[in-house]
Amino acid sequence: MKNLDHFDKLILGILQKDNLTPQRDIGEHIGLSAAAVQRRIKRMREKGIIKADVSVINIDELKHSITLIVEVFLESDKISLVDQMKKVFISTPEVQQCYYVTGEADFVLVIVVPSMKDYEQLTRKIFYNTNNIKHFKTLVSMDTMKSSLEIPLSILNQLE
């Protein structure tokens, strides 16, 4: 895992919970100086291990938003057509997450829109205006029980 040692993994564990934790506090918690923590974080950002520093928005606190999980089935799995669909999904702001998967579906998308009317317009744009979509299946989230991108420290420790 790109030469991560025990301290790097501990730092990642802390940053995944709160990336605004002061480096001094991280250092005190894991037994390193703030400067050492800073160097390690900088190195992990440069290597692409830390991909982004973001604020996670509580979608339940936003009024009038709908989360949808969409399975997309392609007509053809020709690689150029698959790559074309990847570009469409990646460039669509409403697509929060996009997974190219095995099984019956080809893609699984997590989409957030203000209303079903907005979703209908989005489907016209990204599904119906594309020749390679056989069909898609939409699941509407009734409640978000858990939403996380955190990789557990137990898994990080197993990666070498």
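Could you give the distance between the Cα centres of segment 128-147 and segment 57-107, to the whole Å?
Between the Cα centre of segment 128-147 and that of segment 57-107, the gap is 7 Å.
Hey, can you find the accessible area per residue of segment 6-55 for me, probe 1.4 Å, expressed in square angstrom?
64
Of the trypsin sites (Lys or Arg not before Pro) in segment 20-85, which ones lie in a loop per DSSP and count no more than 16 other C-beta atoms within 10 Å?
Listed in order of number, the matching sites are LYS47, LYS51, LYS63, LYS78.
Enumerate by residue number the GluC sites (Glu not before Pro) in segment 44-130 meeting two conditions: DSSP loop (anything except H, G, I, E, B), and at most 10 other Cβ atoms within 10 Å of the site's Cβ.
GLU104
What is the sum of charges around ALA105, taking Lys and Arg as +1, Asp and Glu as -1, for the other residues whose C-beta is under 9 Å from the C-beta of ALA105?
Charge balance near ALA105 sits at -2.
Which entry in (i) 9, 27, 28, 19, 11, 5, 1; (ii) 12, 46, 38, 5; (iii) 9, 30, 25, 24, 11, 2 is this structure's computed P(r) over Cα pairs in 10 Å bins from 0, in percent?
Comparing each candidate, only (iii) matches the computed number.
In whole Hz, what ³J(HN,Hα) sequence does segment 57-71 give by Karplus (6.51, -1.76, 1.60; θ = phi - 60°), x for Gly and Pro?
Per residue, the Karplus-derived 3J(HN,Hα) values read 8, 7, 4, 5, 7, 7, 7, 6, 10, 10, 9, 10, 10, 10, 9 Hz.
May I ask for the percentage of alpha-carbon pairs in segment 59-140 that lie more than 21 Å from each other?
When every Cα pair of segment 59-140 is considered, 23 percent fall beyond 21 Å.
Taking the Cα centre as origin and putting +1 on Lys and Arg beta-carbons and -1 on Asp and Glu beta-carbons, what dipole magnitude results for the chain, to the nearest 20 debye?
Dipole of the chain, to the nearest 20 debye: 500 debye.
Report the residues of segment 119-160 in range of a label on VAL110: point 7 Å along Cα→C-beta, backbone N strictly under 11 Å from it.
What the label zone holds, given the 11 Å backbone N cut-off, is 144-150.
Which percent of the accessible heavy-atom area of segment 40-158 goes to carbon and sulfur, probe 1.4 angstrom?
Roughly 53 percent of what the probe reaches on segment 40-158 is carbon or sulfur.
How much length is gained on full extension from ASN157 to ASN58, taking 0.36 nm per residue of separation minus their Cα-Cα distance?
Length difference between fully extended and current span is 32.8 nm.
Checking the cross-link filter: which lysines have an alpha carbon closer than 21 Å to that of LYS146, excluding same-chain neighbours under 8 positions apart?
Partners within reach: LYS17, LYS63.
Check the straight Cα-Cα distances from LYS78 and name the lysines below 25 Å, setting aside those fewer than 8 residues away within the same chain.
Cross-link targets: LYS86, LYS87, LYS125, LYS134, LYS137.
The values are calculated or read from the model by the stated rules, or taken from the named source; none is laboratory data. What you see is a predicted model; the values in this text were computed from it and never measured. Every residue, glycine as well, gets a Cβ built from its backbone with ideal geometry; the counts of neighbours run over all protein chains shown. Note: accessible area is taken over every heavy atom of the protein model, side chains too, but ligands, DNA and RNA are not part of it. Shrake-Rupley method; radii C 1.70, N 1.55, O 1.52, S 1.80 Å.
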